[in-house]
Structure formats: structure tokens, C-alpha cells
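The values are calculated or read from the model by the stated rules, or taken from the named source; none is laboratory data. The model shown is predicted, which means the values in this text are computed figures rather than measured ones. Cβ coordinates were reconstructed from backbone atoms using ideal geometry, including for glycine residues, and neighbour counts include every protein chain displayed.
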Amino acid sequence: MTAAAVAPLAGKRRTPWKQASILPGFPLAMGWTLTYLGLVVVLPLTALIVRPWELGLSGVWATLTEERVLASLRLSFGAAFLAALTNVPMGLLVAWTLTRYEFPGRRIIDAFVDLPFALPTAVAGIALTAIYAPNGPLGSLFAQIGIKTAYTPIGVYIALLFIGLPFVVRTVQPVLQDLDREVEEAAQTLGATNLQRFRLVVLPAVAPALISGFSLAFARAVGEYGSVIFIAGNMPLKSEIAPLLIVIKLEQYDYAGAAVVGLAMLFISFGALLAVNGVQLFLARRGRA
Amino acid sequence: MNFRQVDDTSPSVNALEIKGVSKAFGRFPALKDVSLQARDKEFLALLGPSGSGKTTLLRVLAGLEQPDTGEVRFAGEDFLALPVRRRKVGMVFQHYALFRHMTVAQNIAFGLTVRKRSEKPARSEIADRVAHLLQLVQLEGLEKRFPSQLSGGQRQRVALARALAIEPKMLLLDEPFGALDAQVRRELRRWLRELHDRAGVTTVFVTHDQEEALDLADRVAILKDGELIQLGTPNEVYEHPATPFVFDFLGQACRMPGVVERGRLRVADWESDAPTGAPDGAVDVYFRPDEVTFAPADGAGLAAQVRGVAQRGPDVRIDCLIEGETVELQAHGPTLPPGVTTGLSVRIKPLRPQVYAAG
Amino acid sequence: MTPIIRLPGLAPLMLAATLAILGVLIVLPLGVVFQQAFAKGFAAYLEPLTQPDALSAIRLTLTVAAISVPLNAVFGVAAAWAVARFEFKGKSLLVTFIDLPFSMSPVVSGLVWVLLFGAQGWFGPWLQEHDVKIIFATSGLVLATVLVTLPFVARELIPLMQDQGADEEAAALTLGAGGFTTFWRVTLPNIKWALLYGVLLCNARAMGEFGAVSVVSGSVRGLTTTLPLHVEVLYNDYEFVGAFAAASILACLGLVTLVIKTLLEWRHSGELSAGRRH
């Protein structure tokens with residue numbers, strides 16, 4: 001503590017990476033933070049990054065191109081993408097209603113939006129399965145028109161809708177709230193119709209938030225496990241998600257293979273997030289021009 | 001209550017000595033070799049535009065920043081060797097930094113309650129001290145309020161009372177009126193000066209408002225880009241600005257090119273005695289737009305053509321064309337020279353021109 | 001801010017659509033949990049909850065949360081103090097690492113511990129030699145839970161403390177307070193509601209976590225099953241009432257969390273980080 005509080009003047013030597021401060025406690029706080037992060041995050045991640053290569057480059061490639069692995073990655077990322085995409089208009093609609101209209105029970109309904117955050121995933125998983133199973137309240141309805149929901153990729157998609165909605169609502173809501181009403185009113189005085197006002201004024205303003213909401217929902221959905229495995233049916237090549245494949249490989253003591261799938265998921269998610277950031281940046285730049 | 005130091009030094013002695021203080025943030029030099037002194041019980045203003053280093057200097061005095069080089073002494077004591085908490089300076093932060101979860105009374109008492117058990121005053125004594133300070137800053141009856149329930153001016157006075165509670169050897173104020181509106185600002189200014197005189201502490205305050213500094217301080221230190229440009233009484237710095245920057249910063253300025261030769265100053269077709277100490281050669285001549293006299297066109301002075309006259313309350317703005325450049329002059333109502341009307345040619349004589357080597 | 005009603009024709013439509021989305025997608029599953037749990041009456045609901053396996057699952061869930069939540073709370077405060085109160089190089093990298101667990105699949109968060117401590121893990125043989133069990137044991141559950149819930153407290157505190165600035169702490173120091181006193185009497189009271197908020201979310205996730213713990217647990221009934229894992233075990237054994245009864249407890253945990261969270265957002269909005277203000 002004293003080192004940070006009273007930087008030795010005579011030495012004039014300041015640690016190059018940290019600015020001097022009179023507040024105490026930096027060595028303790030930083031030391032604890034780094035030690036903890038190192039043990040809980042960095043060391044385990046190192047294992048994830050290093051262990052796949054026990055198989056050698058060809059082994060990694062062989063695992064990645066296994067039909068089952070490819071199918072599961074396709075399902076996980078595809079369903080996550082579609083679900084996040086569906087959540088964008090749905091989330092915008094919910095956020096719009098919650099910010100723009102006053103009605104009895106608004107704050108209660110608003111609070112309910114966060115339920116998917118608070119409800120343990122296994123609970124959501126068995127509940128959704130009960131609803132969409134062929135004998136469930138909604139599953140039987142779908143069955144009548146010949147659509148099987150539970151135990152198919154559609155079930156996966158439904159679970160990911162549930163898990164992703166609050167991400168979109170909660171990122172868009174504050175932006176809608178802070179949106180400058182005067183700009184909208186100006187558009188009205190200039191003769192814009194309601195639809196034009198929404199399309200030309202509101203939508204561009206909330207677009208960045210929609211994209212971040214999308215990417216948050218997508219990232220969460222890709223790795224989602226608990227709410228999906230009950231409803232998915234887990235048929236190899238058809239409704240088997242990538243996280244499940246990791247579990248299966250672990251049960252077969254194929255640690256390196258499991259690590260390959262895990263690392264692949266991490267990489268694809270990372271790439272997807274980079275792409276989203278790129279779009280964000282592009283939009284932000286256009287907004288400034 | 002007596003706020004004085006234990007060793008009651010005579011007023012002429014320097015209480016605060018700053019020698020060669022430099023401080024850089026990364027590559028940005030915030031203070032460059034600043035040296036200045038403040039006398040005991042003096043009210044010293046650190047004046048400068050934003051980025052001039054004035055706040056950094058104040059934070060160095062408080063111990064919130066450690067300078068890279070230099071020396072700071074207070075009453076003969078090496079201040080830099082003392083950590084913040086031992087310096088006993090009363091610091092009033094720009095945004096007051098009141099503890100938001102404590103009442104006014106708890107805020108004021110904080111500095112007393114955090115003392116070591118052996119030095120901590122009795123509970124009743126603390127209560128007395130708080131009551132006295134509340135009275136001093138005229139906030140009786142508000143002791144149970146929280147900072148969020150106070151106006152800006154009230155918050156500022158709580159911050160001041162909190163700083164005074166530790167019986168500081170020196171009072172440091174960072175833009176004390178910065179966050180207040182003009183009316184409150186003027187009221188508090190006068191009150192702060194009275195408080196300083198009564199408390200008998202050395203006070204250093206930071207401001208970017210030249211009017212405030214000139215009105216309030218015993219002496220003003222003017223800083224620019226981390227350097228001390230001039231130190232003097234309000235009169236000295238206003239009457240004899242050391243540099244064109246100081247001249248410009250302390251009020252409105254008109255500028256003309258000129259030449260000094262053998263003690264004579266020539267500006268366009270007007271010649272006069274050069275001010276003492278004026279440099280020879282090409283110079284810049286500065287004068288205040290309201291410190292001029294007007295003469296008929298055949299008199300002595302700078303030839304000027306009046307382009308417009310506008311009455312603004314008690315003052316008159318006179319736009320003139322001198323040497324092809326538009327210059328805005330000012331006159332105060334009663335002294336408005338007769339005959340100055342739009343379109344007329346006149347002569348203008350700056351009363352107290354300041355001359356600086358052309359730069 | 002008072003929402004204004006415009007487009008009177010559209011408003012009921014939008015409201016209806018919102019209620020439909022939230023009702024079908026979010027409220028219905030919650031209702032189904034309780035409906036299924038009580039499908040065969042109250043006695044049938046209570047019976048599976050009083051089984052020793054269920055009780056030990058509840059005990060294990062509480063134990064794991066009781067260890068991991070305080071660990072992450074202390075970490076969150078330390079990390080926020082370092083990040084929000086000091087300037088140093090690599091800060092954004094550090095924050096990225098703090099956020100990282102949020103973007104990892106829970107299954108991966110479990111997998112990494114198996115890669116380290118499993119039978120074929122880096123430290124597996126050594127652990128076996130010394131007869132220490134981490135995977136398929138309580139310590140493995142704790143590690144997985146700690147990793148998954150690591151960011152919660154830090155993420156609440158960092159933006160709030162950055163917002164508040166260090167002025168109050170600096171003021172306390174000039175008034176003669178020491179480092180510990182300043183933290184205890186100035187910093188902590190200022191962040192207490194956000195800290196509680198972070199702990200609340202951290203706890204909800206810790207008790208409800210499924211994917212990460214299922215990888216490291218091995219689901220030994222009565223020994224390494226937390227409550228969410230117990231739900232799965234019963235469900236896979238076609239003991240639906242039991243599964244939903246256990247799930248209803250977890251659903252109540254979620255609801256209580258939601259209520260406290262909402263109350264905090266209403267009552268102490270000014271003392272939470274900006275994104276939490278309603």
C-alpha cells in the first residue's frame with residue numbers, strides 16, 4: 001500500500017505500465033485479480049487451447065470434419081443465428097411497447113422480461129419440452145398441422161428464442177428511452193408519415209443496439225446447453241448440438257476430441273463477434289458522416 | 001475557534017514554498033519547473049486557461065499527485081514526504097466530492113471521526129465542532145440532510161465546512177464557484193473572502209475566471225501550458241502584464257504593430273515616449289479598448305475612422321478602422337467623447353500601452 | 001420519463017403482440033413448471049422433495065453457492081478497485097478476460113476443468129497418486145461454478161465505480177482517513193447496492209447452473225448432483241412429478257431473484273450502474 005501511496009520522489013522512477021496514484025491498495029487488488037483470473041480463467045483456457053494439438057494437425061482436422069461434429073456445429077450456429085435474428089424484431093416490439101406506452105402492470109411485465117436470465121436453464125428445458133412435446137399444449141397444436149416441434153431442430157430453435165429475447169429487449173430499451181423526441185417531432189413537422197418516421201428516424205437510431213442485442217443473444221445461444229438438450233431429442237446428425245457432442249466425447253474419454261469441438265466453437269463465436277463489430281463500426285461511421 | 005497554526009509565524013514569512021515542481025502525465029507535461037511562494041494567511045489564486053496545470057499544481061499541494069521533480073515546503077516542513085492524510089490541508093473539490101451516503105453533519109465530522117483513537121475528540125466535542133461549523137457556513141438546520149437534497153451553493157458550503165473541520169494548515173479550493181450560477185457565485189465570493197480572513201489560514205484557489213481571481217485574491221499566479229507566467233497582486237498583473245498572453249487573458253485587448261527606437265515608440269503615424277523597459281526594435285503594442293482618449297482628426301494619436309457606434313447600457317462600443325483593421329473600442333457613458341459619430345475621422349491615443357517584443 | 005401514447009390505433013395492437021410474445025415464450029414455461037409439479041396433487045408434490053437424494057442435492061447446491069459466490073464477490077470488488085481506480089496499460093485486455101466466461105459455453109466452462117483435473121487431465125495422474133478428487137467431486141462443482149459466475153459482481157461494480165470517480169476517496173484521504181478506513185467508510189457504502197445486485201445475480205446463476213456442473217459432476221446420485229442435475233436425473237428416469245417438483249424450487253429461486261432485483265432497480269436506481277436504471 002505504501003508503495004502506491006507515497007511514490008518515492010528521489011527515484012523519479014515510476015513503474016512504466018501504471019500511473020502513480022495516491023489511492024492505496026493497488027498491489028493487493030491487482031495481485032488478487034491477476035492470481036484469481038490466472039487460476040480460474042487463463043490456466044483452464046490454456047488447456048483448452050493446447051490439448052487439441054495432442055491429436056496433431058491431421059487429427060484435429062479429422063475430428064473437425066467428422067460428419068457428426070460438422071452437423072452439430074451447423075445446428076448450433078444455424079439455430080442460434082435464426083433464433084437471434086427472430087428475436088431482433090420481437091425484442092424491438094417488446095421494448096417499444098414497454099418504453100412508449102403507459103398501461104397498468106407495465107413495470108411488472110417489464111420485470112418478467114428478465115425471467116430467462118433468472119430461471120435455471122434445466123428448468124426452462126423441461127418446461128419447454130412439456131409444452132412442445134407432441135402431447136403438450138402447444139406441441140399438440142403444431143402436431144395437428146403436421147409440424148413436429150420438440151425433438152427436432154425446431155425445438156432447439158424455440159429454446160434459443162426463449163433464452164435470447166431478454167438480450168435484445170434490454171439492449172434496445174435504454175436507447176429507445178433516450179431517443180431524442182424532438183428529432184421524431186421534427187420529422188413529423190416535415191411531413192413524414194408514421195411509417196417513414198419509424199423507418200427513417202427511429203430504426204437507424206436503434207440499429208446499433210439491435211445489432212449488439214443480436215450478437216449477445218447469438219453468443220449466448222451458440223453455447224446454450226441446459227434449456228436445449230431436453231427439447232432437442234439429441235439425435236446424431238439431426239438434433240444434436242455441439243455442446244452435447246463435447247459431453248459425449250468426454251464420456252468416451254476423448255479429451256482431445258472434446259477440446260477440438262470446444263475450441264472450434266470458441267473460434268467461430270469469436271469470428272462471428274468480430275464480424276458483428278465490423279458492422280457496428282461501419283454503422284457508427286456512417287452515423288457520424 | 002482558532003484555525004491558526006501552532007507556530008504563529010509573522011505574515012511576511014513565506015508559509016508555502018514551491019520550488020522547481022514538474023509533473024508529466026505520460027508524455028504530456030502538466031507542470032514545467034514551477035516555483036512560487038505564498039505568504040502566511042495569504043489568499044493566492046492560481047489562474048489560467050484549461051490545461052494550464054493549475055489544478056495539477058493544487059493537487060500536488062494536497063498530495064493527490066506526486067510531482068516528478070521539485071520541492072514543496074509548508075512552514076518549513078517537507079510537504080512531499082508527507083502522505084495526503086498527514087498534510088492537514090483542507091481541500092474543496094471542484095464537484096465537492098461530498099460523501100453521498102452521509103448526512104451533512106456526518107460529512108463535516110468525517111475528518112474528526114477517522115482520527116486515531118488517541119487523537120479523536122469526544123463525541124460531544126465533535127458535535128459542538130459540527131454545530132459551530134454549520135453556523136459558520138450558515139447551514140444551521142440542514143445537518144440531517146443528504147448531499148442530494150442540497151442546492152449547489154449549499155453543497156459547496158458543506159464541502160468548505162468539512163475541509164475546515166480538521167483545522168487545516170492550508171485551504172485548497174479547486175474552481176470553488178465553477179459549478180454555480182452567476183448570482184450565487186457573486187454572493188459566495190464575498191462570503192468566502194470574509195471566511196478566509198476570519199479563519200486566518202493560507203488559502204490557494206484555482207480558477208479560470210480572471211474577474212474572480214482579481215476580485216478575490218491577495219496575489220494571483222498566472223499559469224499557461226504548465227508554466228508560471230507571472231505572480232503578483234491583482235493590480236500588478238493587471239497594470240503590468242508580463243506577457244501578451246497575460247494581457248490578453250486578464251481582459252479585452254487591442255493589438256497594433258509598432259517600433260521602439262531610442263526611447264520613443266512609433267505606431268503608424270503616432271509617436272510617443274516608450275514605456276520604461278520597452279525592448280528596442282519591432283514590437284507589439286497592446287492596450288485595453290476602454291483605455292483610450294479620442295482627439296480631433298488634426299490632433300495627436302492614431303488615425304482612425306469611426307465605422308459604427310452602439311450604445312449598450314452604460315457603455316458604448318465604437319468600431320474603428322485603424323491602419324486597415326477593424327478595432328473594437330469601448331467608452332463608458334459619461335466619458336463618451338462628443339463628436340464621435342459614424343463616418344468621422346478621429347485620433348486615438350492609448351492611455352497605457354504595453355509593449356512587447358514582436359513575436 | 002413518462003411514456004407518451006401516440007398512434008392510438010396501433011397501441012392496443014402492439015400491446016397485444018407484446019403480451020402474446022411474453023406470455024407464450026416466457027410466462028407459459030413458468031406456469032407449466034408448477035402445473036406439472038402439482039399435476040398429481042400436493043402429497044405427490046412433496047413426496048419426491050423429501051427423498052434423501054433431493055435433500056442432499058439441495059444441500060450440495062447451497063454448499064457450492066456458499067463457496068463460489070463469496071469468492072467471486074471478493075474478486076469482483078478487488079477487480080473493480082484495480083480497474084476503476086487506477087490507470088495502467090493492458091486494462092482493456094484485463095476487462096476482456098474478466099468478461100470472457102460470459103461468452104463461453106457452460107459446457108466448455110466445465111470441459112476445461114476436466115482437461116486439467118480429469119483422469120486424463122494434465123494434473124490427473126498427480127491427483128490420483130495423492131488420492132485427491134476434483135472431477136466428480138464437490139471441488140470440481142465449485143470450480144465450474146466459479147468460472148461460470150466469475151464476471152457477475154465485477155461487471156456491476158466496474159461501470160458504477162468508474163461513474164462515481166475517485167473524488168470521494170481522495171476527499172477522505174485529505175481529511176486524514178487511512179486506506180482501509182476510506183474503503184470501509186466511503187467506497188463500500190457507495191457500492192453496497194450494486195454489490196448486492198451483483199451477488200444476487202451471481203447466486204441465482206450459481207444455484208441454477210446446469211451445463212458446466214453436469215460436465216464435472218458425473219451425476220452420482222446423492223453425492224455429486226446439485227438440484228438442477230437432480231432435475232435431469234429424475235426427468236431421465238421418467239419421474240416427471242419429481243423432476244418438476246425439484247424444478248419448482250429452482251423456479252421459485254428465480255422468481256425471488258427477479259423480485260429482489262426489480263426492487264433494487266426501483267428503490268436504488270441511482271446507486272446501480274447506469275444500465276440498470278429504470
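Under the condition of being hydrophobic (A, V, I, L, M, F, W, C) and more than 11 Å from chain C (Cβ to nearest Cβ), the residues counted in the stretch B:151-163 number 3. Among the residues making up the stretch A:114-134, those that are surrounded by 24 or more Cβ atoms within 10 Å (Cβ to Cβ) and more than 7 Å from every other protein chain (Cβ to nearest Cβ) are A:GLY125, A:THR129, A:TYR132. Whether any residue in the stretch C:71-86 is surrounded by fewer than 20 Cβ atoms within 10 Å (Cβ to Cβ), under 29 Å from C:PRO228 (Cα atoms) and of a type in the set (Phe, Trp, Tyr) is what I want to check. There is no residue in the stretch C:71-86 that is surrounded by fewer than 20 Cβ atoms within 10 Å (Cβ to Cβ), under 29 Å from C:PRO228 (Cα atoms) and of a type in the set (Phe, Trp, Tyr). Just so you know, in the stretch B:108-136 the residues that are of a type in the set (D, E, K, R) and in a helix (DSSP H, G or I) include one that is farthest from the chain's Cα centre (by Cα), and it is B:ARG123.
Checking each residue in the stretch C:173-196 for being in a helix (DSSP H, G or I) and within 10 Å of chain A (Cβ to nearest Cβ) picks out C:LEU173, C:THR174, C:GLY179, C:PHE180, C:THR182, C:PHE183, C:THR187. Quick one: would you say A:ALA143 is surrounded by 18 or more Cβ atoms within 10 Å (Cβ to Cβ) and more than 23 Å from A:GLN280 (Cα to Cα)? Judged against the criteria, A:ALA143 is not a match.
Quick grid of which residues meet (1) more than 30 Å from B:PHE28 (Cα to Cα); (2) more than 7 Å from every other protein chain (Cβ to nearest Cβ); (3) modelled with pLDDT of 90 or more; (4) part of a helix (DSSP H, G or I):
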residue	(1), (2), (3), (4)
A:ALA20	no, no, no, no
A:THR35	yes, yes, yes, yes
A:LEU39	yes, yes, yes, yes
A:LEU45	yes, no, yes, yes
A:TRP61	yes, yes, yes, yes
A:VAL69	yes, yes, yes, yes
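In the list B:GLN106, B:GLN138, which residue meets the criterion of being within 11 Å of chain C (Cβ to nearest Cβ), free of Cβ contacts under 8 Å to residues at least 60 places away in the same chain and surrounded by fewer than 19 Cβ atoms within 10 Å (Cβ to Cβ)?
Values: B:GLN138 fails: within 11 Å of chain C (Cβ to nearest Cβ).
Residue meeting the stated conditions: B:GLN106.
When the stretch B:47-70 is filtered for residues that are within 14 Å of chain C (Cβ to nearest Cβ) and either in a helix (DSSP H, G or I) or not hydrophobic (A, V, I, L, M, F, W, C) (or both), the ones remaining, listed by number, are B:THR55, B:THR56, B:LEU58, B:ARG59, B:VAL60, B:LEU61, B:ALA62, B:GLY63, B:GLU65, B:GLN66. A single member of C:GLU168, C:GLU209 is among the acidic types (Asp, Glu) and facing chain A (nearest Cβ under 10 Å), and it is C:GLU209.
Only one entry of B:ARG129, B:ARG115 meets the criterion of being of a type in the set (D, E, K, R) and out of contact with any helix residue (DSSP H, G or I) (no Cβ under 8 Å at 6 or more places or on another chain), and that entry is B:ARG115.
The sole residue among C:SER105, C:SER109, C:SER139 that is among the hydroxyl-bearing types (Ser, Thr, Tyr) and away from chain A (no Cβ under 11 Å) is C:SER139. Only residues that are buried (at least 20 other Cβ atoms within 10 Å of the Cβ), within 24 Å of the chain's Cα centre (by Cα) and either of a type outside the set (A, V, I, L, M) or more than 8 Å from chain C (Cβ to nearest Cβ) (or both) were counted across the stretch B:71-99, and they come to 8. Scanning the stretch B:272-322 for residues that are assigned to a strand (DSSP E or B) and among the polar types (S, T, N, Q) yields B:SER272, B:THR293, B:GLN305, B:GLN311. Scanning the stretch A:68-77 for residues being touching a residue at least 40 places away in the same chain (Cβ under 8 Å) and more than 10 Å from A:GLU240 (Cα to Cα) gives a total of 1.
Here's the yes/no breakdown for (1) touching a Gly at 6+ places or on another chain (Cβ under 6 Å); (2) within 30 Å of C:ALA166 (Cα to Cα); (3) without any contact (Cβ under 8 Å) to a residue 12 or more places away in the chain; (4) not in a helix (DSSP H, G or I):
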{"site": "C:PHE97", "(1), (2), (3), (4)": "no, yes, yes, no"}
{"site": "C:VAL107", "(1), (2), (3), (4)": "yes, no, no, no"}
{"site": "C:LEU111", "(1), (2), (3), (4)": "yes, no, no, no"}
{"site": "C:TRP126", "(1), (2), (3), (4)": "no, no, yes, no"}
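Total residues in the stretch B:215-233 satisfying the condition of being assigned to a helix (DSSP H, G or I) and crowded, with 19+ Cβ neighbours inside 10 Å: the figure is 1.
Only one residue in A:VAL276, A:VAL261 is of a type in the set (A, V, I, L, M, F, W, C) and surrounded by 24 or more Cβ atoms within 10 Å (Cβ to Cβ). Which one? That would be A:VAL261, the only listed residue that is of a type in the set (A, V, I, L, M, F, W, C) and surrounded by 24 or more Cβ atoms within 10 Å (Cβ to Cβ).
Only a single item in (1) more than 10 Å from every other protein chain (Cβ to nearest Cβ); (2) at positive phi is not met by A:GLY105, and it is number (1).
Applying the selection to the stretch B:196-214, what residues are surrounded by fewer than 20 Cβ atoms within 10 Å (Cβ to Cβ) and part of a helix (DSSP H, G or I)? Result: B:ASP197, B:ARG198, B:GLU211, B:LEU214. Any residue at all in the stretch A:245-254 that is within 13 Å of C:VAL107 (Cα to Cα), within 11 Å of chain C (Cβ to nearest Cβ) and touching a Lys or Arg at 6+ places or on another chain (Cβ under 7 Å)? Yes: one or more hits.
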